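In what follows, a structure is listed as structure tokens, so that the remarks can point back to it.
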Amino acid sequence: MADAQKTIGVLTSGGDSPGMNAAIRAVVRSGIAADMRVVGIKRGYHGLINGDVTEMNLRSVSDIIHQGGTILYTARSPEFQTEAGMQKAIRVCEEYHISGLAVIGGDGSFRGASALSAHGVPCVGIPGTIDNDIAASEYTIGFDTAVNTAMDMVDRLRDTMESHDRCSVVEVMGRKAGWIALETAIAVGATAVLVPEIPCDLEKELIPRILRIQKTGKRHYIIVVAEGAGNTTEIANLIADKTSIETRATVLGHVQRGGSPTVRDRMIASEMGYHAVELLAAGQGDRVVAMKDNRVVDYDIYKALEMTKPFDKKMYQISNTINI
Ligand code: ADP
């Protein structure tokens, strides 16, 4: 390594999401274009603590833009949240001369990045999670792919529900956020959507809604439930009990986290990765890259972690109005 050449690292952390590879690729190639050395750290903060560091070059990120998952693997590292773990991570950064780190991940990974930044390793967070639950950013890499997968799966369920005059209660992912549920519900025309942000009284609101819609002649129903909004099996049993409609519960699960990223996710990952490197090349750390008014921006990482993101009540209202 030439003494003057700056080294940056890139890692993926927490839950994986489609488009993380496109972001890694953008970081590696933008970093090399800016005359920096780029190293990849495998398995997130776990790999950072254990010195799992690999030299990256232009070809190490070939043929990955279309792949889901992450070539750097990902992990959750409780040890990183201890002072001893943090000290090990700092020592590895010193050993490899890492003077800036791009962290691709969700809210927890950003908290880790802010802790590392506070200990003197400048980090830039890139929002990567299917849940779209990072307050500072209107959009997170992987969300569009996940919603498209959920839509496709529910479309398939709909075919069989329609044939049998049934009700299908479908649980989608999202952790404590209802974004995947809301967009899926609108995209499939679901009879109802349950999200953690807007509590729904099942007996007083959901059941009467289904019965009301049944009276208009509808014979099959799709209810989309965010994973943080209740127990899908219990909701399905309640609907069956109270309406006598044959009801099935389906949990889509991790299929939503996989698959080839959509155009939107590849584009945004590429732009955000490039933007993160611009910051690191300029010696700026303690930042997060985010989407605001459909443009890529960046914020102070500590302020970003204090932000809140209001739920889209208008879209929820639209869903309830037209999906009847
Ligand atoms: P995500 O980034 O998808 O939200 P997690 O919440 O599991 O995933 O966080 C990923 C990793 O980030 C954790 O395993 C831990 O190493 C680190 N992390 C999470 N929260 C903190 C925190 N408050 N302080 C330091 N590190 C954290």
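For the reader, a short list of remarks on this structure follows.
- Acute angle (nearest 10 degrees) that the helix 143-164 long axis makes with the longest principal axis of the chain, alpha-carbon atoms: 20
- Counting all C-alpha pairs of the range 220-323, share separated by more than 17 Å (%): 72
- Comparing mean-square fluctuations of 130, 141, 268 from a GNM of the chain with C-alpha springs under 10 Å, the top value falls on 268.
- All other residues whose Cβ lies under 13 angstrom from that of residue 175 are scored, Lys and Arg at +1 and Asp and Glu at -1, for a net of -4.
- Between 0 and 90°, nearest 10: helix 232-243 axis offset from the chain longest Cα axis: 10
- Legend: ranking of residues 59, 266 from fewest to most surrounding C-beta atoms inside 10 Å; resulting order 59, 266.
- The range 28-126: C-alpha gyration tensor shape, a/c 1.5 cut-off, then a/b vs b/c: prolate
- Counting DSSP beta bridges with both ends in the range 144-257, the antiparallel % (nearest 5): 5
- Annotation: lysines with alpha-carbon distance below 30 angstrom to residue 88 (same-chain offsets under eight excluded): 6, 42, 303.
- Of the residues 196, 220, 252, the one whose Cα sits farthest toward the positive end of the charge dipole of the range 144-257, with +1 on the Cβ of Lys and Arg and -1 on the Cβ of Asp and Glu, is 220.
- DSSP bridge pairs, the chain: antiparallel proportion in percent, nearest 5: 25
- Footprinting exposure proxy ranking of 145, 12, fewest other C-beta atoms within 10 angstrom first, gives 145, 12.
- Summed over qualifying helices (DSSP H, 4 residues or more, each -39500 (n - 2.57)) and divided by its residue number, the chain shows a 222 nm mean residue ellipticity of -13000 deg cm²/dmol.
- With contacts taken as Cα pairs under 8 Å at a separation of at least 6 residues, the chain carries a relative contact order of 23 percent.
- For the chain, alpha-carbon Rg relative to the globular expectation (2.2 N^0.38 Å, N residues): 1.10
- Antiparallel bridges, percent of DSSP beta bridges restricted to the range 165-324 (to nearest 5): 35
- Within the range 144-257: Cβ-based charge dipole about Cα centre, in debye rounded to nearest 20 (Lys, Arg +1; Asp, Glu -1): 220
- The reciprocal of the average 1/r between distinct C-alpha atoms defines the Kirkwood hydrodynamic radius, which for the range 194-242 equals 11.4 Å.
- Pairs of Lys residues in the range 144-257, spaced 8 or more positions apart or belonging to different chains, with C-alpha separations under 22 angstrom: 5 in total.
- Using the Cβ of residue 324 as centre and a radius below 13 Å, the other residues enclosed give a net charge of +4, where K and R count +1 and D and E count -1.
- Put simply, the C-alpha atoms of the range 144-257 give a gyration tensor, and the ellipsoid matching it has half-axes of 21, 16, 12 Å, longest first.
- Inter-label distance, nm, simple model (7 Å from Cα along the C-beta direction), residue 241/residue 307: 4.3
- Cα long-axis angle, helix 263-281 against the chain (0 to 90 degrees, to the nearest 10): 30
- Nearest-20 debye value, the chain charge dipole, Cβ charges on Lys, Arg, Asp, Glu: 440
- Placed amide H near residue 251: partners under 5 Å, 5+ positions off or other chain: 171
- Over the range 136-175: Kirkwood hydrodynamic radius from C-alpha pairwise inverse distances, Å: 11.8
Each reported figure results from applying straightforward, stated rules to the coordinates on display, with no laboratory input. Everything quoted here is computed from the prediction, not taken from an experiment. Heads up, the Cβs are rebuilt from the backbone with ideal geometry, glycines too, and the neighbour counts pull from every protein chain shown.
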